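Note sheet for the following structure.
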């Protein structure tokens, strides 16, 4: 529910509403942006009666204007129908009634929201009815965080042995959305419970398309001043969802007669404004990007600018170069020895700046070669050298690093060729080619890098990828997801559940003086599944040793603080794989090398074998 | 291995062959059609030595002509390479060597066969290497029926507790082919063992693309005349495979020095010629057909001819009509009472003939109306009436049954509108419309029909369906299987494993005098998985009560003997689903009815939920 830039507070009244205009007015006065409300006037039709069905069953759609409907009202669909009844009469009647309600809600609300409550896992036919509608609006599926049966049991304290009978409401949602083919029209209205589920259950919900949170008024307790407040645990829960949703919507479920309506909305507004989003990458969340190919394409000015804005990266490079200079030049050689530093792929100069700063800080003399093939960047470099660094010993080489034959060899070779997955911008191939510029005792910065992967559930990302190949006609099921699913992406993953911690994949070290350099790789890694979930792909990361203990990392468990240059990589699976708690996930990744291109292939072997994605690099490759 | 119309006997020698021409000669003299033979001359290269690799490692391809190679030789690929070794040096060397062998074999054998032995389940990288080749020929994967380790254990009698350690070689095959994306280039060379596995394991193999059987010479025992023969159990095993493979290939695995070479081939030829295939439907196996739409299209003469050739169907109709006539007309009314029989959809007259025969046999008088809309069939009917039945009381009505307003109503309404899935040619809709022709006490023949489904594994059918949507360029992975997978087919299923017995789905009865006729249906059925396998879709059948105890059935457990008019229906799943022993398979089927069309939708809910196939009938529907 991300209409507009602010958080939304909704009133979810339990009773039927008579005078809609008056109630909207009352809701607004109590500080709510929207209200959940049934469009059906009476409940007569919910009983099995096949007569009277053509009777006017709902409010007239002209009592509000179209915009008023979608801005103020979330249409609550009756959840008392049993579309999956084994009794055909009940089922057929339910289908008809539900269908009518959904159709009317979509007619009235148009591009707004409807709400339908799930009450169990047997929803195959319900999911069919919902799927067969061409909904214009979004459908929120109301799901409790915890099986309501377990809460009743807690209150009644009927022995702990019954716990096996409780269902996991996540399975209700998962079955429904799987049957509904992961439709992006569906999102979750997640109802908080007095018992807060385990951390892992919460993080799994945070990987799902949660559209809003429902807070039953019973969760509010009275503070010392007799104001209704939420427990610390519930506050934190709500705030943790706010972090993954750019704009959060919260519904208060209560009676219209509740005297504290105003206090609830005030409290929630205050809570949600407490932690404004400070993520510098805000706005990039869950956007699919195709990885850069800086070797094949020339980067543009905007891309350089984004890279150069990283507050951390060049400082680490500077530290690494400084450390290397100190190692190479002893204190008593400072005056006599000049270190040759070559920056391969100098871009618009940030690594030159790091090198010059390192030389200044360490007091070492350097002779700097700036090698760059992009003619637009060379222009910028020349200006920098002429205007800022005219007193420095810098030589600009306007060449592809593979074609440069230097007058002298380097002590230190500095490069920034790493991609989100470490080697994916062909750093191994480039540096192997460039190490002819390096003395046999020379240092490469970076000296080593390793890629990592972990299994991920994200129906959001699954849908983004699927949409890439959607046909122009929206009436047909998406029919060619394959090409786009067999592709590597770069994505700032937010709305995703990380099924297990990353495992190391491929490592490269530089310089590599071995006789036969083979940059192809193959590795199989395994993960444990801690909770039922759905595997939709693998996230990729890397870390790199620039020099000795100077390390840059986007590995989630060791991420360099403030480092902003790289979003994770993502390798999708063509079809989502249902995982059960305790199952092993085993995947194989290949880095394949041909004379003109490099590419990755990947497949699953456990819990079920998949075909090999991107076989022969047909769908995605990095060109040399 | 179905080159030509005859069975093939091959010699699978265990040693390396020096003089190829001479050995081929010797093989032929001993009665073998082909021989399995390595193309590699020496085994030096199999060791880890990265030198000498450009050396000429194999036979020259010019020692035989191209046709000679593919007609006489099955190229054995060395199975000593370990492409999945955790040791990178071994793996890389193995990859290189194997790749070279496969490439050379495919170069030499071209459109013939190669053979590669699987020795375990860890074959992810092996499967990748094989998949990445654009093989022209077929690759036979040699797989033992029973884990060789278990046989060794039997001989050594090292306690029965070890059985948990034995692997199921079907899993070796399944993992390999799943990783290789169910490539239709792969088939199985199934090696028989002295222990014959359980019946279910055998039937599962018979659902797989078995290209040939391998009989190790050790399985032959000496009969009283000292000739090598196979045990009755092994004979039956081989013959049971012959039934599902139109042309069977059998390889004898032995030494060239074995003195009984000639006897083995003689014995096998004799065995295989013993039971010639007498299936009248021979040649229709596993061919995909789109179900007829006789209501929408006019059938052609060939189709009528095929239907009329059924030796059983019209006899059952005749019996049913006879029984109905006897029930309607008591003995003492024979002379006075004339029964009105209407045949709706008379085609070229077979049901008229059944009716006339029934009248003659029962001695009842009938007045016959023949209603037919197809102008070409009407022509044939008029000739029949004029020439054969000019003395009978027959009236020909050249109309759609829905438009006919009869001068009198029928006592018996006879129709043959049933499809492979019972109602799928819209019999319910047609007969509901036609029952206005029937007296309130009248009889409909058929009076009732029920559809059935069961879960099926068939990678052959999966590939046939996938191929429907293959792109013209064979270099890319098939990219749009969806449309074709969300379609109902008719298919004479042979190379398929039936995972469980059929369950009843939809039932219709006629006449249906209820106030509101609803021919939409929804049903969920469940099955048990008895053994690990792969679900690729559901086969569909029907049975019909023509009248009282006269039943026609294509349900496999009650199939009417000799009935040949209907092949099973088939409902594919878009993606194969791996099943484990003991897992429940739950599926839901819908019969959906709109004013202009009827269609089926289907989905899986256990063991994993699938999307709803053919939602809204977008991919396949039957038009009214």
Answer residue from segment A:562-584, given it is under 19 Å from the mean Cα position of the chain (by Cα) and assigned to a loop (DSSP other than H, G, I, E, B) and is surrounded by the most Cβ atoms within 10 Å (Cβ to Cβ) among those:
A:568
Suppose we keep only residues that are without any contact (Cβ under 8 Å) to a residue 60 or more places away in the chain and surrounded by 22 or more Cβ atoms within 10 Å (Cβ to Cβ) within segment B:330-349. Which one would you say is farthest from residue B:385 (Cα to Cα)?
B:346
For residue B:425, are the conditions met, namely being at pLDDT below 95 and touching a strand residue (DSSP E or B) at 6+ places or on another chain (Cβ under 6 Å)?
yes
Look through segment A:605-624, keep the residues that are closer than 22 Å to residue B:83 by Cβ, more than 9 Å from every other protein chain (Cβ to nearest Cβ) and part of a strand (DSSP E or B), and return whichever of them is nearest to the chain's Cα centre (by Cα).
A:613
Tell me which of these residue A:488 doesn't satisfy, since it passes every other one: (1) away from chain B (no Cβ under 14 Å); (2) more than 30 Å from residue A:322 (Cα to Cα); (3) at pLDDT 95 or above.
(3)
Tell me, yes or no, whether segment B:126-144 has at least one residue that is modelled with pLDDT under 90, crowded, with 16+ Cβ neighbours inside 10 Å and within 14 Å of chain A (Cβ to nearest Cβ).
yes
Residue check for residue B:317: in a helix (DSSP H, G or I), at pLDDT 90 or above and farther than 30 Å from residue B:196 by Cα:
yes
Scanning segment A:381-416 for residues that are touching a strand residue (DSSP E or B) at 6+ places or on another chain (Cβ under 8 Å) and in a loop (DSSP other than H, G, I, E, B) gives A:392, A:393, A:399, A:404, A:406, A:408, A:409
Taking residue B:588 as meeting all but one of (1) outside any strand (DSSP E or B); (2) within 12 Å of another protein chain (Cβ to nearest Cβ), write down the number of the exception.
(1)
Quick one: in segment A:106-125, which of the residues that are over 29 Å from the mean Cα position of the chain (by Cα) and within 14 Å of chain B (Cβ to nearest Cβ) is farthest from residue A:175 (Cα to Cα)?
A:125
Failed item, numbered, when residue A:560 is tested on (1) in contact with a helix residue (DSSP H, G or I) (Cβ under 9 Å, 6 or more places away or on another chain); (2) over 26 Å from residue A:466 (Cα atoms); (3) at pLDDT 95 or above
(3)
Among the candidates B:245, B:256, B:281, residue that is over 30 Å from residue B:621 (Cα atoms), modelled with pLDDT under 90 and touching a strand residue (DSSP E or B) at 6+ places or on another chain (Cβ under 6 Å)
B:256
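Results for (1) within 14 Å of chain B (Cβ to nearest Cβ); (2) crowded, with 18+ Cβ neighbours inside 10 Å; (3) in a strand (DSSP E or B); (4) out of contact with any helix residue (DSSP H, G or I) (no Cβ under 7 Å at 6 or more places or on another chain), shown as yes or no for each residue.
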{"residue": "A:504", "(1), (2), (3), (4)": "no, no, yes, yes"}
{"residue": "A:512", "(1), (2), (3), (4)": "no, no, no, no"}
{"residue": "A:517", "(1), (2), (3), (4)": "yes, no, no, no"}
{"residue": "A:530", "(1), (2), (3), (4)": "no, no, no, no"}
{"residue": "A:545", "(1), (2), (3), (4)": "no, yes, yes, yes"}
Qualifying residues in segment A:163-193 (those that are assigned to a helix (DSSP H, G or I) and away from chain B (no Cβ under 14 Å)) - the one surrounded by the fewest Cβ atoms within 10 Å (Cβ to Cβ):
A:164
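The values are calculated or read from the model by the stated rules, or taken from the named source; none is laboratory data. For clarity, every value in this text was computed on a predicted model and none was experimentally measured. Every residue, glycine among them, receives a Cβ derived from its backbone with ideal geometry; neighbour counts consider all protein chains shown.
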